[in-house]
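J.: Below you will find the structure I want to go over with you.
Computed from the coordinates by the stated procedures, all read-outs in this text should not be read as laboratory data. Note that the coordinates shown come from a computational prediction; the quantities given were computed from them, not determined experimentally. Here Cβ is always computed from backbone atoms with ideal geometry, including for glycine, and neighbour counts include all displayed protein chains.
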Amino acid sequence: MAGNSFGQAFRITTAGESHGPGYVVIIDGVPPGIPLSTEDLAVDLRRRRPGQSKIVTQRDEADEAEIFSGVFEGRTTGTSLALLIKNQDQRSRDYDKIKNLYRPGHADFTYDAKYGFRDYRGGGRSSARETIVRVAAGVIAKKIIGAAFGGTVLGYVLQVGDVRADISDPAAITLKDVEQRPDGSANIVRCPDPIAAEKMIATIEQLRLEQDSVGGIAEIVATGIPAGLGEPVFDKVKADLAKAIFSLPAVLGMEYGSGFDAARMRGSENNDAFVADAKSNAIRTETNRHGGMLGGISSGMPIVLRAVVKPTSSLPKTQATVDRDGNSTQISTHGRHDPCLLPRFIPMAEAMVAIVLADHWLRHRQIEPI
């Protein structure tokens, strides 16, 4: 089966290529009555769009969504919802000279190995531009979890290269912290630590001058999540979150809670003590090293996860490679590419986390105690 769909109760199916006419997503499982307009979709699409600042790709796309079905008089109908986003600023000529060469770090070779034929323009189906319709679907997922239980999903750049932000309480970060500097101007790197943000921008700009790129870490935090979401064994919420995050381009690793630091801890250090909240008498934990999930089921604490995003593979710097016949050669990838993927990765990761949580909420509602 071609893996173009994700989710069960809330299910998305995407289609499109980077240099084709556009992208479409069909979303099944959207409850009726949710207010939805193209302007609602535009908020996160603007956060993801190219050309938004000097440190991202300068491809000029409006990224305006069209609602084809599933909405009537400003509200979802409960039927299949379809969205279309057209491509407008493709420069396919940038890829003519390298169409028979394998770009290091890209899926060119593996797509040829699988299909024997590929769309070489901007990576075709493997392009990160496919995530644009996931971000649109994520807006709807955010609306579902927000209306259902007040859930929110927010991401930010935690690290770029060797520069790491100082974040004491991930759950306390706000959208304003991520999107604005203290002076009110745009926070183009989407790091809530102002000092680290300036160092990150300087790092990215220096790598661009060197015709190179840099990777980093995104942290995604979901708050207001009730205890009990997730299924036993294979459909654990942490397993679905891992699949969702790894389905995004350029992700090389993911962890949640204490993550890989747990390898150096003792059990007594890593365990979170349970307590009863004095006001509500609800059960919670004093700390959150478990990252909001135990046994693959949400605990009611904030879900905190981190994704490692590799440096952009497309480089104007000359690199060694081979052509389709295996002949050694060199390649320089021209065109418009992000020197660091992290700033635009944030809304992509938020969308996938929200989609997983909306899916598990809708599945959880189907449980009827006997």
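J.: Which listed residue (Thr77, Ile283, Pro194) has the Cα farthest towards the positive end of the charge dipole for the chain, taking +1 on Lys and Arg C-beta and -1 on Asp and Glu C-beta about the Cα centre?
T.: So the residue furthest toward the plus end is Thr77.
J.: GNM, the chain, Cα, under 10 Å: largest mean-square fluctuation among Arg49, Arg324, Arg125?
T.: Comparing Arg49, Arg324, Arg125 in a Gaussian network model of the chain, the most mobile one is Arg324.
J.: To continue, here is another question. Computed FRET efficiency, Cβ-Cβ of Gln88 and Ser268, R0 41 Å: what is it to the nearest 0.05?
T.: The formula returns an efficiency of 0.10 here.
J.: Cβ under 11 Å from Asn271's Cβ, Asn271 left aside: what net charge do those residues give with Lys, Arg +1 and Asp, Glu -1?
T.: -1
J.: I would also like to ask the following. Hydropathy at least 0.5 by Kyte-Doolittle, axial extent at least 18 angstrom from the Cα trace: which helices of the chain, defined as entire DSSP H runs, fit?
T.: Sorted by number, the helices that extend far enough and score high enough are 131-149, 342-364.
J.: If you build a Gaussian network model of the chain, linking Cα atoms that sit under 10 Å apart, which residue out of Thr110, Thr152, Thr203 swings the most?
T.: Thr110
J.: Can you give the extra length, in nm with one decimal, that the chain gains between Lys97 and Leu252 once fully stretched, where that is 0.36 nm per residue apart less the Cα-Cα distance?
T.: The Lys97-Leu252 span can extend by a further 52.9 nm.
J.: Starting from the Cα of Gln319, step 7 Å along the direction of its Cβ; do the same at Ala202; then give the gap between the two resulting points in nm.
T.: Placing both labels 7 Å beyond Cα along the Cβ direction yields 2.8 nm.
J.: Related question: Quick one: if you stick a label point 7 Å off each Cα along the C-beta vector at Asp261 and Thr329, how many nm between them?
T.: 4.8
J.: Taking the Cα centre of region 219-370 as the origin, how large is its charge dipole in debye, to the nearest 20, when only Lys and Arg (+1) and Asp and Glu (-1) carry charge on their Cβ atoms?
T.: Dipole of region 219-370, to the nearest 20 debye: 220 debye.
J.: Using a simple spin-label model with points 7 Å from Cα along the Cα→Cβ vector, what separation in nm is obtained for Ala239 and Phe68?
T.: 3.3
J.: Can you give me the relative contact order of the chain as a percent, contacts being Cα pairs under 8 Å and 6 or more apart?
T.: It comes to 22 percent, rounded to a whole number.
J.: Can you tell me, using C-alpha contacts under 8 Å and at least 6 residues apart, the relative contact order of region 161-238 as a whole percent?
T.: The value is 27 percent.
J.: Taking the alpha-carbon set of region 226-345, what are its Rg and Dmax in Å?
T.: 21.0, 70
J.: Here's something else I'd like to know. Let me check the size of the chain from its C-alpha atoms; what are the radius of gyration and Dmax in Å?
T.: 21.1, 70
J.: I need the calculated FRET efficiency for the pair Glu179 and Thr110, taking r as the beta carbon distance and R₀ as 25 Å, to the nearest 0.05.
T.: Values: r = 36 Å, r/R0 = 1.43.
Once the sixth-power term is evaluated, E becomes 0.10.
J.: Also: Test of understanding: in a Gaussian network model of the chain with alpha carbons linked when under 10 Å, which of Ala250, Ala113, Ala222 would top the mean-square fluctuation ranking?
T.: In the Gaussian network model the winner is Ala113.
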